[in-house]
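Take a look at the structure set out below.
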Amino acid sequence: MSITVVGSIAYDTVKTPFGERERMLGGAAVHFALAASFFEQVRVVGPVGDDFGETELEVLRQREVDVSDIERVPGGKTFFWRGEYGWDLNSRATLDTQLGVFEGFAPKLSSDSRSSDVLFLANIQPDLQREVRAQLPDARFVALDSMNLWIDIARDSLVQAIESVDCVILNDAELRQLTGKPNLFSAAREVLSWGPRVIVAKQGEYGAALVTAESFFSLPAFPLESVIDPTGAGDTFAGGFVGYIAQRLRSEELSDGLLRAAMANGTTLASFNVEEFGTERVVRLTEQEIVARVQELREITRFSGAPATG
Ligand code: AMP
């Protein structure tokens with residue numbers, strides 16, 4: 001089941017304790033698309049400027065991502081983000097955000113992009129997320145990500161966007177900020193009451209939790225001894241999670257079991273992403289490596305034995 005994604009296509013300048021990179025390919029839609037491309041056909045919607053290179057587009061094409069709805073804006077500048085991480089890779093400072101071509105962007109989706117059954121509204125201005133959502137009224141599964149910036153400056157529009165989707169994928173801190181509830185489960189329950197059926201709370205190096213009306217599930221992050229750059233981990237998680245769901249929806253309905261397996265795939269994809277800078281690791285990734293690591297994650301999280309009694 002093909003997937004359409006709208007979100008940032010970016011140049012990122014990133015510094016971590018383990019090195020730095022200038023203007024590498026990034027953006028929420030890019031990280032998502034590369035991860036999801038291991039499961040299904042992905043179509044990316046979003047603008048870039050004159051400065052966006054063919055080499056960068058080729059990275060997406062290599063993974064057979066459909067780039068025909070990436071709009072090149074003459075005279076425009078590609079979205080730019082600069083961030084820095086300290087020893088605690090869970091917290092980062094955003095040093096610069098230049099919206100560039102996203103200012104004044106009106107998404108025009110081709111009939112192919114409108115015909116996808118699965119839609120991911122990656123982190124971008126919530127008005128744009130709603131415009132794209134409205135163009136795929138019959139999608140079977142729609143998921144959304146966002147960030148503190150939009151909760152701060154466009155909360156009403158974001159809440160309306162959330163009301164129109166099946167699944168919300170946010171950091172735990174963002175869920176708390178969005179709802180004003182300090183407890184993660186209460187926060188997730190509140191967002192469930194707005195309309196979505198599925199909430200995923202991303203918890204950085206501690207993993208991710210899944211909350212639905214009927215069930216709760218949680219996975220740790222895959223344990224790695226070397227984490228180099230967490231940029232894009234959240235979007236890569238979303239790509240593995242939504243990509244897996246899109247693939248399974250071909251032959252089954254959305255169920256708790258499917259969502260749990262999707263969590264394992266999201267966790268696995270994200271773990272590869274953080275091993276190197278930007279998209280460097282994921283572009284070399286193979287399906288065999290993904291399958292092997294999902295199996296390892298299953299072993300790591302398995303336990304048996306009856307509860308101890310007195
Ligand atoms: P993540 O680490 O998963 O939160 O995503 C990082 C990616 O999000 C980077 O590649 C950035 O280009 C992109 N990004 C950062 N800030 C924004 C923003 N305000 N709007 C859209 N994308 C952003």
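The values are calculated or read from the model by the stated rules, or taken from the named source; none is laboratory data. Please read these numbers as outputs of a predicted model, since none were measured by experiment. A quick note on method: Cβ atoms are made from the backbone with ideal geometry, for glycine too, and the neighbour counts reach across all protein chains shown. Only protein heavy atoms, including side chains, enter the accessible area calculation; ligands, DNA and RNA are left aside. Shrake-Rupley method; radii C 1.70, N 1.55, O 1.52, S 1.80 Å.
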Top-ranked residue in segment 1-44 [being of a type in the set (Ser, Thr, Tyr) and away from the ligand (no atom under 14 Å from the Cβ); ranked as surrounded by the fewest Cβ atoms within 10 Å (Cβ to Cβ)]
2
Which of the residues spanning segment 58-72 are more than 16 Å from the ligand (Cβ to nearest atom) and part of a helix (DSSP H, G or I)?
58, 61, 62
Output for Cβ contacts, cut-off 6 Å, separation at least six or different chains, first residue under 25 Å from residue 246 (Cα atoms) in segment 167-190, second of a type in the set (A, V, I, L, M, F, W, C) and in a helix (DSSP H, G or I), reads 168/162; 168/191; 169/238; 172/184; 175/187
Does segment 73-98 hold any residues that are within 12 Å of the ligand (Cβ to nearest atom), at pLDDT 95 or above and either assigned to a loop (DSSP other than H, G, I, E, B) or among the charged types (D, E, K, R) (or both), and which are they?
78, 82, 96
Tabulated pairs, segment 142-159, first in contact (Cβ under 8 Å) with a residue 60 or more places away in the chain, second aliphatic (A, V, I, L, M) and in a helix (DSSP H, G or I), C-beta under 8 angstrom, 6+ apart or interchain
143/238; 143/242; 145/28; 145/238
Examine segment 246-256 for a residue that is closer than 20 Å to residue 31 by Cβ, at pLDDT 95 or above and either in contact with an Asp or Glu (Cβ under 8 Å, 6 or more places away or on another chain) or not hydroxyl-bearing (Ser, Thr, Tyr) (or both), and state whether such a residue exists.
yes
Only one residue in 216, 237, 222 is within 12 Å of the ligand (Cβ to nearest atom) and aromatic (Phe, Trp, Tyr), so which one is that?
237
Just the residues that are open to solvent by 50 Å² or more (accessible area, probe 1.4 Å) and within 16 Å of the ligand (Cβ to nearest atom), please, taken from segment 99-119.
99, 103, 104
Residue 127 passes all but one of (1) in a helix (DSSP H, G or I); (2) in contact with a strand residue (DSSP E or B) (Cβ under 8 Å, 6 or more places away or on another chain); (3) among the acidic types (Asp, Glu); which number fails?
(2)
How many residues does segment 279-305 contain that are touching a residue at least 60 places away in the same chain (Cβ under 8 Å) and open to solvent by less than 50 Å² (accessible area, probe 1.4 Å)?
6
Considering only segment 70-98, how many residues are touching a helix residue (DSSP H, G or I) at 6+ places or on another chain (Cβ under 8 Å), of a type outside the set (Ser, Thr, Tyr) and surrounded by 20 or more Cβ atoms within 10 Å (Cβ to Cβ)?
4
Output the residue which, of all residues in segment 45-66 that are surrounded by fewer than 18 Cβ atoms within 10 Å (Cβ to Cβ) and free of Cβ contacts under 8 Å to residues at least 40 places away in the same chain, is farthest from residue 277 (Cα to Cα).
50
Among 39, 32, 52, which is aromatic (Phe, Trp, Tyr), closer than 20 Å to residue 284 by Cβ and either part of a loop (DSSP other than H, G, I, E, B) or touching a Leu at 6+ places or on another chain (Cβ under 7 Å) (or both)?
39
Got a sec? Which helices (runs of 4 or more DSSP H) wholly within segment 136-237 have at least 3 residues that are surrounded by fewer than 20 Cβ atoms within 10 Å (Cβ to Cβ) and of a type in the set (D, E, K, R)?
155-163
